[in-house]
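Enquirer: One structure is given below, represented as structure tokens, and several questions about it will come after.
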């Protein structure tokens, strides 16, 4: 991927005491966080902690009740082409009649606007993004025919084609095969080199601790923010996950019900 | 050959045929969004909401189509407004407005002593009564709807498939949702002439659903649906001529026949398709 031209000052993302809610209930209260240019943050918390709400507020899909969001030091909405969002797979209508290449081309719409025809550079960006995610052979397939992992890669390819400064991924490690998880992680490494700021929501504490330099522990408000070693203290995990956490001989086991299929999963992690 | 040409000797049949082909095409194209966005109930409700507009126009001595147009656009905007903040679920809002408008229409029509407004023509269309003014109206409104759907293909695609992307792009999703409702209202009004308010929903949904079973791209789906809508209208009108049955019903039954064929035999998806 060609390095992103930073015509803007560094992509610093700053949340200043934001509160977001639906119909009278606050899903997220008084959250203040600063993410440096090129930072990669895992957003961790139980089901209903406000992870998706946070992302939806960041793309402008949910209005802020109070507080402010700054991107590159400018208020949210000032830039219209630098935030890309990879939705949760359940949020996409997979029966919609579009092909893989058409979905990835949507990543170019910020540049093309409502009517302008794609130019050679747009087609090139689509092909390159498909190749990077190893799905160039699927370009003309309808999205409904793909496996879960392939579907995920389509939306990652679309995000790449957007050439974002800030990338938000909602639960990209849930319900996909190991190959797609690896592809996602190596994409994160490459984005790091390109200086793209990334936020990834996950309920997998292990993944967050192993692969991310910074974690944001959330439960309707900020619980902890920092390197995993300090942010994942037993107290913080207790505060974030509440009754869902069990401590057995210094090992925190979290019983959550946010995985598809309703089965209970446990995530084990040695507490420091 | 004469079997096909004979009916065309009459001007009123030529006009009826032209109007129903245009209606078949427009309904099918916008119907593709109706099917994909799950708006079938909305289409039906808009159709019934036209009734009070027609009745008021008649009482005021105004053009009935204009009355229908005003009523349909008002109801489309009201449904958009009621569901804007998510306070009421969309199907509830539609249910309320649809029943209210229909009741108002029936009340007004029952107050008209003379039977000059023929309720069955409004309910089931009157293809053979299409005047040349009506045909012009159908053609012009149809072209407007088609031009907007084709010209704004990309925003309608994004808003329907991925509203979150529309939000990140800062495209006005709410504006396009309401614009689609208004276009749907215009479509329903031009369908009034051919299939009537009782059967508009079928023309919106059936050809588009058939095309959905046969293609996997939105643009192809719209094109195929338009072809199916036009052919169903032509075949239906001939059947209506020779079998002396109501033309709107004949058109809808032909479209339904195509749907059943696709449902049973569509490659890859049909009930009887064997790989």
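Enquirer: Any idea which of (1) modelled with pLDDT of 85 or more; (2) outside any strand (DSSP E or B); (3) touching a helix residue (DSSP H, G or I) at 6+ places or on another chain (Cβ under 7 Å) is the one residue A:60 doesn't satisfy?
Expert: (1)
Enquirer: So which of B:157, B:181 is over 16 Å from the mean Cα position of the chain (by Cα) and farther than 13 Å from residue B:23 by Cα? Write out each step before concluding.
Expert: Details: B:181 fails: over 16 Å from the mean Cα position of the chain (by Cα).
That would be B:157, the only listed residue that is over 16 Å from the mean Cα position of the chain (by Cα) and farther than 13 Å from residue B:23 by Cα.
Enquirer: Please indicate, with yes or no, whether at least one residue in the stretch A:53-74 is under 17 Å from the mean Cα position of the chain (by Cα), away from chain B (no Cβ under 14 Å) and crowded, with 21+ Cβ neighbours inside 10 Å.
Expert: Checked against the condition, which is being under 17 Å from the mean Cα position of the chain (by Cα), away from chain B (no Cβ under 14 Å) and crowded, with 21+ Cβ neighbours inside 10 Å, the stretch A:53-74 yields no hits at all.
Enquirer: So is residue B:143 assigned to a helix (DSSP H, G or I) and either within 11 Å of chain A (Cβ to nearest Cβ) or free of Cβ contacts under 8 Å to residues at least 60 places away in the same chain (or both) or not?
Expert: Working: assigned to a helix (DSSP H, G or I): yes; either within 11 Å of chain A (Cβ to nearest Cβ) or free of Cβ contacts under 8 Å to residues at least 60 places away in the same chain (or both): yes.
Judged against the criteria, residue B:143 is a match.
Enquirer: If we only count helices (runs of 4 or more DSSP H) wholly inside the stretch A:164-272, which ones have 2 or more residues that are in contact with a helix residue (DSSP H, G or I) (Cβ under 8 Å, 6 or more places away or on another chain), modelled with pLDDT of 90 or more and under 30 Å from residue A:146 (Cα atoms)? Spell out the reasoning first.
Expert: Working: elements: A:178-194, A:205-211, A:228-231, A:234-241.
Filter on the stretch A:164-272 gives A:178-194.
Enquirer: Go through the stretch A:22-52 and count every residue that is touching a residue at least 12 places away in the same chain (Cβ under 8 Å), over 18 Å from the mean Cα position of the chain (by Cα) and not in a strand (DSSP E or B).
Expert: Here the count works out to 0.
Enquirer: Report, by residue number, each residue of the stretch B:147-172 that is touching a helix residue (DSSP H, G or I) at 6+ places or on another chain (Cβ under 9 Å), surrounded by fewer than 19 Cβ atoms within 10 Å (Cβ to Cβ) and more than 9 Å from chain A (Cβ to nearest Cβ).
Expert: Result: B:148, B:150, B:172.
Enquirer: On to the next question. What's the total number of residues in the stretch A:88-98 that are out of contact with any strand residue (DSSP E or B) (no Cβ under 6 Å at 6 or more places or on another chain) and in a loop (DSSP other than H, G, I, E, B)? Can you show your working first?
Expert: Looking only at the stretch A:88-98, we keep the residues that are out of contact with any strand residue (DSSP E or B) (no Cβ under 6 Å at 6 or more places or on another chain), and these are A:89-98.
Now restrict to residues that are in a loop (DSSP other than H, G, I, E, B): A:92-98.
Residues meeting the conditions: 7.
Enquirer: For residue B:193, all conditions in the list (1) surrounded by 23 or more Cβ atoms within 10 Å (Cβ to Cβ); (2) in contact (Cβ under 8 Å) with a residue 24 or more places away in the chain; (3) assigned to a helix (DSSP H, G or I) hold save one; what is the number of the exception?
Expert: Condition (3) is where residue B:193 drops out.
Enquirer: Hey, any hits in the stretch A:166-179 for a residue that's without any contact (Cβ under 8 Å) to a residue 12 or more places away in the chain, farther than 24 Å from residue A:85 by Cβ and more than 17 Å from the chain's Cα centre (by Cα)?
Expert: Taking the stretch A:166-179 as the starting set, the residues that turn out to be without any contact (Cβ under 8 Å) to a residue 12 or more places away in the chain are A:178.
When the remaining residues are screened for being farther than 24 Å from residue A:85 by Cβ, the result is A:178.
From the residues that got through so far, the ones that are more than 17 Å from the chain's Cα centre (by Cα) too are A:178.
The answer is yes; a qualifying residue exists.
The values are calculated or read from the model by the stated rules, or taken from the named source; none is laboratory data. Computed from a predicted model, the values in this text were never measured in an experiment. All Cβ positions, even for glycine, are placed from backbone atoms using ideal geometry, and neighbour counts span all protein chains on display.
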